[in-house]
Amino acid sequence: MDPINIIVLLNIIGTFGANISGAKRGLKSTVSEIREKPKTFLQKLPPVVSMLSLVALILAVFQIGTLEYLEDYKIIRYIGLIVYLVFSWIQVWSFKILGDNYSQDIMIKKHHDLITKGPFKFIRHPQYICQILLDIGATAATFSYIVGGLALIEIPIYIMRASLEDKLLAKHFANKFSDYKKKSGFMIPFIG
C-alpha cells in the first residue's frame, strides 16, 4: 500500500476514535432537552454527504475511485496530506470544544451555551470549513475524484447550514451573538 494512503487510513482511525464521544452525545439529545430544532433538509443531508465522503476516502486508500499516482505529482499528494491531517484534527478540536452543545442536528438545547473559545474565537463554524478543507486535502492526497466531487457538493450545503445556525444563535442569544459576530468570521477568520 502507498505510504500516503497508510497515513490517511491511520488518521481516519484516529479521528474516528477521537470523535466517538462527541457523536454519542450528539445522538443522545432527547426531545425534552431541545428548545428549537428547525425542520429542514439541512438536518440530514450534510451528515449523509460527509459519510459518503468518508466511505469514498476509505475506498481511495485502496486506490478505488482514484486517478493514477504519477511520480510527477507526488508534491501535490504531500501538500494534500498535510492539509487533510491539519484540518481533520482542528475539526476534532472543534467538536471537543462544543462539549454538551455538540449535536449532529441543527438545534438549540434548553441549556445551550454560546461557545466563543478555541477555534470558535476566530470563526463561528470551524467544523464545517474543516470538513470542506479536509476533504479537499484528502482529494489531493489520494487523487480521489469521488471525494473531490463530494467536497464540491459540500461547499454550498455547509454554507447554507452555517447560515441557518447563525440565525438560530442570533434568535436565542441576541446581543451576545451580535457582539460575537463582530469579533469572528463566518467560516474564514475576520470575514463575514
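The numbers here are math on the coordinates, done by the rules we state, and not lab data. Note that the structure is a prediction, hence the values are computed from the model and not measured. No Cβ is skipped: glycine too gets one built from the backbone with ideal geometry, and neighbour counts run over all protein chains shown.
Below 13 Å, Cα to Cα, which aspartates and glutamates can LYS109 reach? Residues fewer than 8 away in the same chain don't count. Candidates past the 8-residue exclusion: GLU33, GLU36, ASP100, GLU165. Placing dummy labels 7 Å off each Cα toward the beta-carbon, the span from ASP179 to GLN63 is 5.7 nm. For helix 45-61, report the angle its Cα long axis makes with the longest principal axis of the Cα atoms of the chain; keep it between 0 and 90° and round to the nearest 10°. The two axes meet at around 20 degrees. Across region 69-82, coupling constants 3J(HN,Hα) worked out from phi with the 6.51/-1.76/1.60 Karplus curve, θ = phi - 60°, read 7, 9, 4, 4, 10, 4, 4, 4, 5, 5, 4, x, 4, 4 Hz, and Gly and Pro carry x. For the residues ASP105, ASP72, ASP166, a GNM of the chain with alpha-carbon springs under 10 Å puts the largest fluctuation on ASP72. Think of the chain as having a plus end and a minus end, set by charges on the Cβ of Lys, Arg, Asp and Glu; of MET1, ILE64, GLY99, GLY99 sits farthest toward the positive end of this dipole. Distances between placed amide hydrogens fall under 5 Å for ILE123 paired with GLY185, all partners being 5 or more residues away or on another chain.
Taking 45 Å as R0, compute the FRET efficiency from the Cβ-Cβ separation of ILE155 and HIS111 and round it to 0.05.
With a Förster radius of 45 Å, E is 0.90.
How large is log10 of I(q)/I(0) for region 93-192 at q = 0.10, 0.11, 0.13, 0.21 Å⁻¹ when the intensity is taken from the Debye formula with one equal scatterer per alpha-carbon? Summing over Cα pairs of region 93-192 leads to -0.29, -0.35, -0.49, -1.10. Calculated over region 144-192, the projected area of the Cα convex hull averaged across directions stands at 3.8 nm². Relative to the longest principal axis of the Cα atoms of the chain, the long axis of helix 145-183 makes an angle of roughly 20 degrees.
Legend: distances between Cα atoms for LYS74/LYS96; LYS37/LYS121; LYS74/LYS182; LYS74/LYS117; LYS117/LYS167; LYS74/LYS181; pairs beyond 31 Å are LYS74/LYS96; LYS74/LYS182; LYS74/LYS117; LYS74/LYS181. Here the scattering of region 36-109 is modelled by Debye summation over its C-alpha atoms, one equal scatterer each and no solvent; at q = 0.11 Å⁻¹ the log10 of I(q)/I(0) is -0.45. The charge dipole of region 66-192, taken about its Cα centre with unit charges on the Cβ atoms of Lys, Arg (+1), Asp and Glu (-1) only, comes to about 780 debye. What percent of all Cα-Cα pairs in the chain falls into each 5 Å bin, going from 0 up to the bin containing the maximum distance? Spelled out bin by bin, the chain gives 1, 8, 15, 20, 19, 15, 10, 7, 4, 2, 0, 0 percent.
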